[in-house]
Structures are given as structure tokens and as C-alpha cells.
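The values are calculated or read from the model by the stated rules, or taken from the named source; none is laboratory data. Values in this document were obtained by computation on a predicted structure and should not be read as measured data. Because the Cβ atoms are built from the backbone with ideal geometry, glycine has one as well, and the counts that use them run over all protein chains shown.
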Amino acid sequence: MQQKHESLEECARRVRYDFFAEISEGKKLATAHNSNDCAETVLLNLMRGTGLKGLCGVPPVRGNIVRPLIFCTREEVEDYCRSRGLSWVTDKTNLSTDYTRNKIRHIILPEMLKINGSLFSTMNRMEQSLREDSDFLDDMARQALSEAETTVRLRTPGEEDIWKLQPAWSAEKLAKLPKPVQSRAIKLILQSGGIEPSALRINTAREIIASGKGKFNPCRGKFFVVRRGAVYIEYAEQHYRKHEK
């Protein structure tokens with residue numbers, strides 16, 4: 001948790017989804033997230049400072065995770081369970097206001113509901129609209145990367161040097177992209193190298209692309225490199241030779 005600079009809540013979420021991935025073995029797995037959870041997530045992201053993606057809330061589908069109750073409120077889910085004689089478990093930590101999300105749940109949202117009794121459905125509409133905008137920008141970023149594709153030839157030292165072609169992208173084309181599309185394209189490049197695309201890393205990469213050359217070390221053993229017109233991820237054991245059109 002300390003190594004990843006995570007809060008207890010963030011660490012628990014990561015461990016939970018790692019567990020889901022392990023037990024689902026690629027099959028569909030349904031969670032019970034509802035509209036209340038979605039509203040809490042949006043407000044939490046808003047207070048931390050977020051981009052468009054953070055205002056989209058909890059997606060109904062992400063990979064093999066599906067959330068069939070995402071458009072129902074927590075009260076509607078509980079009422080349904082009562083009407084069918086179904087019981088549920090309440091985590092006692094959810095009742096404590098020691099955690100930021102719980103403060104939003106028990107203090108902030110009740111006050112907002114006094115102003116707008118249809119708050120959850122209103123936020124659902126907003127989140128859906130923003131998801132459509134975000135998906136459109138993501139598609140533009142993927143298309144831009146496809147059009148900017150090139151390769152670099154990198155050497156892996158050893159008893160016999162091995163030269164391999166590795167994916168790269170035109171620095172000139174990436175530099176000309178609108179900022180929202182460029183940031184998403186950089187995010188995809190970082191993810192392609194197994195690098196977590198934090199805001200700081202994306203902004204650092206943008207500055208290097210704008211300068212036309214340079215490199216930085218976003219995580220151990222990996223470098224984001226701009227050299228001789230190409231953008232690529234370099235690993236510690238590799239050395240630049242030349243890039244191929």
C-alpha cells in the first residue's frame with residue numbers, strides 16, 4: 001500500500017478486483033454497485049481533482065465485470081430484498097464516518113438530496129452523457145496512434161546481441177494532437193509498456209514530446225523515450241539503434 005501511495009480504501013479496492021479477476025477466470029462477474037455508489041464515486045473524484053473520466057462514475061460494464069443494478073438506488077435494492085424475504089450483509093465499516101467515502105454517503109449526499117430529490121437519476125444522466133464524450137475521445141486517441149505507428153530497432157545485450165523491432169509512434173504527429181486526444185494517446189502508450197498512467201507521468205510525457213527529444217523514468221526499469229522523431233517505451237536492458245519507417 002505504501003509503495004503504491006494508496007489510501008486504505010484504494011488498496012482494498014485494488015485487492016478486491018485482483019481477487020475478482022482470479023476467481024472469474026475471464027467469465028462474466030456481476031457486482032451489486034448501485035446509483036448511490038456511482039454518485040459517491042463521482043463526488044469523491046471531484047474533490048480529489050479529476051478529469052472527464054473521473055466524472056463518468058462507475059461504468060455498467062468494464063471488461064468482464066458487469067453491474068446490473070447500477071441504475072437502481074440503494075433504497076430500491078433494499079426494498080426489493082425485503083419484499084422477497086432476502087437478507088443482506090452490511091459491512092460495519094460502512095457506518096463509520098472515519099473514511100472519506102462514508103462522509104460523502106452519510107453527510108454530503110443527504111444534504112444534496114434535500115436540494116434535488118431526483119439527484120441519483122440526474123447524476124445517472126450526466127454520467128451517461130460524459131461517458132459518451134469520453135468514449136469518443138478514446139476512439140480518437142486510438143485512431144491517432146494507429147496513424148502515427150512506426151517502429152524502432154532496439155538491442156538486448158547478451159552473449160549474442162539480439163536486435164528487435166519494437167512498436168513506436170511519430171513524435172511529430174503526436175505533438176500536433178489536441179491536448180485531450182494527446183493525453184489519452186500517451187495514456188495508451190504508457191499502458192502498452194505496463195506503466196500506470198498517472199496525471200504526472202502523462203504531463204511529463206507531453207512536455208518531452210513537445211520538446212522533440214528526451215526521456216524519463218516513470219517506473220523501475222522502464223523509460224518513456226522521444227528520440228529521432230520516435231516515441232517509444234525502452235527497457236533498461238535495451239539500447240537505441242535506429243527507427244524504421
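For segment 167-188, the set of residues classified as in a strand (DSSP E or B) and either surrounded by 17 or more Cβ atoms within 10 Å (Cβ to Cβ) or aliphatic (A, V, I, L, M) (or both) consists of Ala168, Trp169, Ser170, listed by residue number. Of the helices (runs of 4 or more DSSP H) contained entirely in segment 52-127, those carrying at least 3 residues that are loosely packed, with under 13 Cβ neighbours inside 10 Å and out of contact with any Leu (no Cβ under 7 Å at 6 or more places or on another chain) fall at 74-83, 109-115.
Cβ-Cβ contacts under 8 Å between residues 6 or more apart (or on different chains), taken from a first residue in segment 153-178 that is at pLDDT below 90 to a second residue that is assigned to a loop (DSSP other than H, G, I, E, B), are listed as Leu154/Gln238; Arg155/Asp161; Arg155/Gln238; Thr156/Glu237; Thr156/Gln238; Pro157/Glu237; Gln166/Gln238.
May I ask you to list the residues in segment 128-137 that are out of contact with any Lys or Arg (no Cβ under 8 Å at 6 or more places or on another chain), surrounded by 13 or more Cβ atoms within 10 Å (Cβ to Cβ) and more than 18 Å from His33 (Cβ to Cβ)? Step through it out loud before you land on a result.
Taking segment 128-137 first, the residues out of contact with any Lys or Arg (no Cβ under 8 Å at 6 or more places or on another chain) are 128-133, 135-136.
If we keep only those that are surrounded by 13 or more Cβ atoms within 10 Å (Cβ to Cβ) too, we end up with 128, 130-131, 133.
The one that is out of contact with any Lys or Arg (no Cβ under 8 Å at 6 or more places or on another chain), surrounded by 13 or more Cβ atoms within 10 Å (Cβ to Cβ) and more than 18 Å from His33 (Cβ to Cβ): Asp133.
Across segment 189-216, which residue is farthest from the chain's Cα centre (by Cα) among those that are of a type in the set (S, T, N, Q) and surrounded by 13 or more Cβ atoms within 10 Å (Cβ to Cβ)? That would be Thr204.
Hey, does segment 220-234 have a residue that's closer than 18 Å to Ala144 by Cα, outside any helix (DSSP H, G or I) and of a type in the set (Phe, Trp, Tyr)? Walk me through how you get there before you give the answer.
Residues of segment 220-234 that are closer than 18 Å to Ala144 by Cα, as a first pass: 226, 229-233.
Those still in the list that are outside any helix (DSSP H, G or I) too: 226, 229-233.
Filter once more, keeping what is of a type in the set (Phe, Trp, Tyr): 232.
Yes; the residues of segment 220-234 include at least one that is closer than 18 Å to Ala144 by Cα, outside any helix (DSSP H, G or I) and of a type in the set (Phe, Trp, Tyr).
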